[in-house]
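K.L.:
Please read through the structure below; I'll follow up with questions.
The values are calculated or read from the model by the stated rules, or taken from the named source; none is laboratory data. Keep in mind it's a predicted model, so treat the numbers as computed, not measured. Cβ sites come from the backbone with ideal geometry, for glycine too, and all protein chains shown count toward neighbours.
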Amino acid sequence: MDFEDIRPYHDGEVKEKIANLLGEEQFCQIIQQVMPEIPFPIFEKQMRSIDTIYDFQTKVVVPLLDKLLSQSTDGLTYSGIGNLDKEKSYLFVSTHRDIVLDSALMDYALLKEGFATAEIAIGDNLMKIPWIVDLVKLNKSFLVKRSLSKEQKLDGSVQLSKYINYTVKDKGEHIWIAHKAGRSKDGNDKTNPNILKMFNSGGTSESALDNIKSLNICPVSISYEYNPCDALTLPELMMATKGEKYEKQPMEDLIHIGEGLQGRKGKVEVSFGKPLNLLIEGKEIPNLKSEFFQFLAKTLDREIHNSYKLMPTNYMAFDLLNNSTAHNTNYSVEEKADFQEYIAKQLNGIEGEEEFKRKTFLKMYAYPVMNKESYLATVKN
């Protein structure tokens, strides 16, 4: 099958695409804003010396992430890297909070531990500006076609699945993809079984189990102490709670990308769970396909909820939401006062009834605690 319209760039295209980027005034302006300490002629010279995708990631993307992490986080940690085998290629199925950073930080952790980076699934709805397409494809991103007609969606899904299968099994590359369409803006991480059906549709075996096993699926959870876009997403969440339709504003995604990159994040952790093949080993596998994919989705969710790194903000939100002290050993009185002050600041200026706003906001941070407690209750039983 032809993947030309969705694939990342190859090494042989790097020089041309970098020249295109350096000819884009908007790109050059943004670089000078983000890295004012580096004279642009020096940046341009370094860019023109790059020959490969690996060079681009290690000489451009990693230094940018180093700077971003030092300026907007209190440090990045990662766990579960021991669950991975450097001889295997994985399909990383990940929680999704931030449009750009989730995959970037996972790649950063992989690079630090001597693993190859992953190809990144990104919705074509974000690719409104041609130079952004060049930028993400230089960073090993491939396109997920979201803006298709009903008649085109099946073909788009088959192409995506075949590309994922080809990349993991034939090219030997990792892939990062969100475990559902769009971000979990409410903080409730739930894998959509349909994404697992999509993975299977591009397989070569008549056995769905064999197709899934061949992809080496590994769940990943990425937790942020503070979500820089929490206040930005609140109006949408409030409307969804009321059953009302939210209309996304022009350039809204780009605003969220900018805030996600530059906004306060506190501590951040990337957690690699146990691969799905290990999680289902010895388990009774449902025969019916509908039950099979539900079973896989729930298995991934349990591992995501188990490995998710809970932050003090999660525990405080849970206690504030439930008017409890159940988790007060995980934060101090001072931290709680600071968090309440932060909430008030974030809610200021957003229209809506105060208690409704407050509860909707707290749930964003409290859901990971609720999900982990549900997982622990399941294990005990």
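K.L.:
Checking residue 76 against (1) at pLDDT 95 or above; (2) of a type in the set (A, V, I, L, M); (3) within 23 Å of residue 199 (Cβ to Cβ), which test does it fail?
P.N.:
It fails just one condition, (3).
K.L.:
List the number of the failed condition for residue 102; all other conditions in (1) among the acidic types (Asp, Glu); (2) part of a helix (DSSP H, G or I); (3) free of Cβ contacts under 8 Å to residues at least 40 places away in the same chain hold.
P.N.:
(3)
K.L.:
Check 261, 278, 310, 296 and return the single one that is aliphatic (A, V, I, L, M), outside any loop (DSSP other than H, G, I, E, B) and closer than 22 Å to residue 101 by Cα.
P.N.:
The unique qualifying residue is 261.
K.L.:
Would you point out which residue out of 37, 44 is outside any helix (DSSP H, G or I) and either of a type in the set (Asp, Glu) or in contact with a Ser or Thr (Cβ under 8 Å, 6 or more places away or on another chain) (or both)?
P.N.:
Unique residue meeting the criteria: 37.
K.L.:
Let me ask something else. Determine, yes or no, whether residue 6 is surrounded by 14 or more Cβ atoms within 10 Å (Cβ to Cβ), in a loop (DSSP other than H, G, I, E, B), outside the structural domain of residue 303 (by TED's automatic domain parsing) and in contact (Cβ under 8 Å) with a residue 60 or more places away in the chain.
P.N.:
In short, yes.
K.L.:
Evaluate the following for residue 319: is it acidic (Asp, Glu), touching a helix residue (DSSP H, G or I) at 6+ places or on another chain (Cβ under 7 Å) and in the same structural domain as residue 359 (by TED's automatic domain parsing)?
P.N.:
Spelling it out, residue 319 is indeed acidic (Asp, Glu), touching a helix residue (DSSP H, G or I) at 6+ places or on another chain (Cβ under 7 Å) and in the same structural domain as residue 359 (by TED's automatic domain parsing).
K.L.:
Evaluate the following for residue 17: is it touching a Phe, Trp or Tyr at 6+ places or on another chain (Cβ under 9 Å), in the same structural domain as residue 126 (by TED's automatic domain parsing) and either of a type in the set (Val, Ile, Thr) or modelled with pLDDT of 95 or more (or both)?
P.N.:
For residue 17, the condition - touching a Phe, Trp or Tyr at 6+ places or on another chain (Cβ under 9 Å), in the same structural domain as residue 126 (by TED's automatic domain parsing) and either of a type in the set (Val, Ile, Thr) or modelled with pLDDT of 95 or more (or both) - is not met.
K.L.:
I'd like the residue in region 321-373 that is among the aliphatic types (A, V, I, L, M) and more than 25 Å from residue 301 (Cα to Cα) and, out of all such residues, is surrounded by the fewest Cβ atoms within 10 Å (Cβ to Cβ).
P.N.:
333
K.L.:
Let me ask you something else. May I ask you to list the residues in region 181-203 that are of a type in the set (Gly, Ala, Ser), assigned to a helix (DSSP H, G or I) and surrounded by 22 or more Cβ atoms within 10 Å (Cβ to Cβ)?
P.N.:
Correct list: empty.
K.L.:
Only one residue in 310, 296, 278, 288 is farther than 17 Å from residue 79 by Cα and in contact with a Ser or Thr (Cβ under 9 Å, 6 or more places away or on another chain). Which one?
P.N.:
The unique qualifying residue is 296.
K.L.:
What about residue 285, is it assigned to a strand (DSSP E or B), under 30 Å from residue 163 (Cα atoms) and outside the structural domain of residue 345 (by TED's automatic domain parsing)?
P.N.:
no
Conditions (1) under 24 Å from residue 106 (Cβ atoms); (2) free of Cβ contacts under 8 Å to residues at least 12 places away in the same chain, marked per residue:
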{"position": "316", "(1), (2)": "no, no"}
{"position": "330", "(1), (2)": "no, no"}
{"position": "337", "(1), (2)": "no, yes"}
{"position": "364", "(1), (2)": "yes, no"}
{"position": "372", "(1), (2)": "yes, no"}
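K.L.:
If the Cβ limit is 7 Å and pairs must be 6+ apart or interchain, which residue in region 73-96 that is closer than 28 Å to residue 262 by Cβ pairs with which residue that is exposed (fewer than 15 other Cβ atoms within 10 Å of the Cβ) and acidic (Asp, Glu)?
P.N.:
Partner pairs satisfying both residue conditions: 81/113.
K.L.:
So, one more: Which one is surrounded by the fewest Cβ atoms within 10 Å (Cβ to Cβ), of the residues in region 284-299 that are touching a helix residue (DSSP H, G or I) at 6+ places or on another chain (Cβ under 6 Å) and closer than 21 Å to residue 220 by Cβ?
P.N.:
294
K.L.:
Among the residues of region 234-274, which ones are surrounded by 15 or more Cβ atoms within 10 Å (Cβ to Cβ) and at positive phi?
P.N.:
266
K.L.:
Is there a residue in region 95-109 that is over 18 Å from the mean Cα position of the chain (by Cα), in the same structural domain as residue 169 (by TED's automatic domain parsing) and either modelled with pLDDT of 95 or more or of a type in the set (Lys, Arg) (or both)?
P.N.:
Scanning region 95-109, I find no residue that is over 18 Å from the mean Cα position of the chain (by Cα), in the same structural domain as residue 169 (by TED's automatic domain parsing) and either modelled with pLDDT of 95 or more or of a type in the set (Lys, Arg) (or both), so the answer is no.
K.L.:
Something else: Every residue in region 60-78 that is surrounded by fewer than 17 Cβ atoms within 10 Å (Cβ to Cβ), part of a helix (DSSP H, G or I) and either among the acidic types (Asp, Glu) or touching a strand residue (DSSP E or B) at 6+ places or on another chain (Cβ under 6 Å) (or both), please.
P.N.:
66
K.L.:
Quick one: count up the residues across region 151-180 that are part of a loop (DSSP other than H, G, I, E, B) and closer than 18 Å to residue 367 by Cβ.
P.N.:
2
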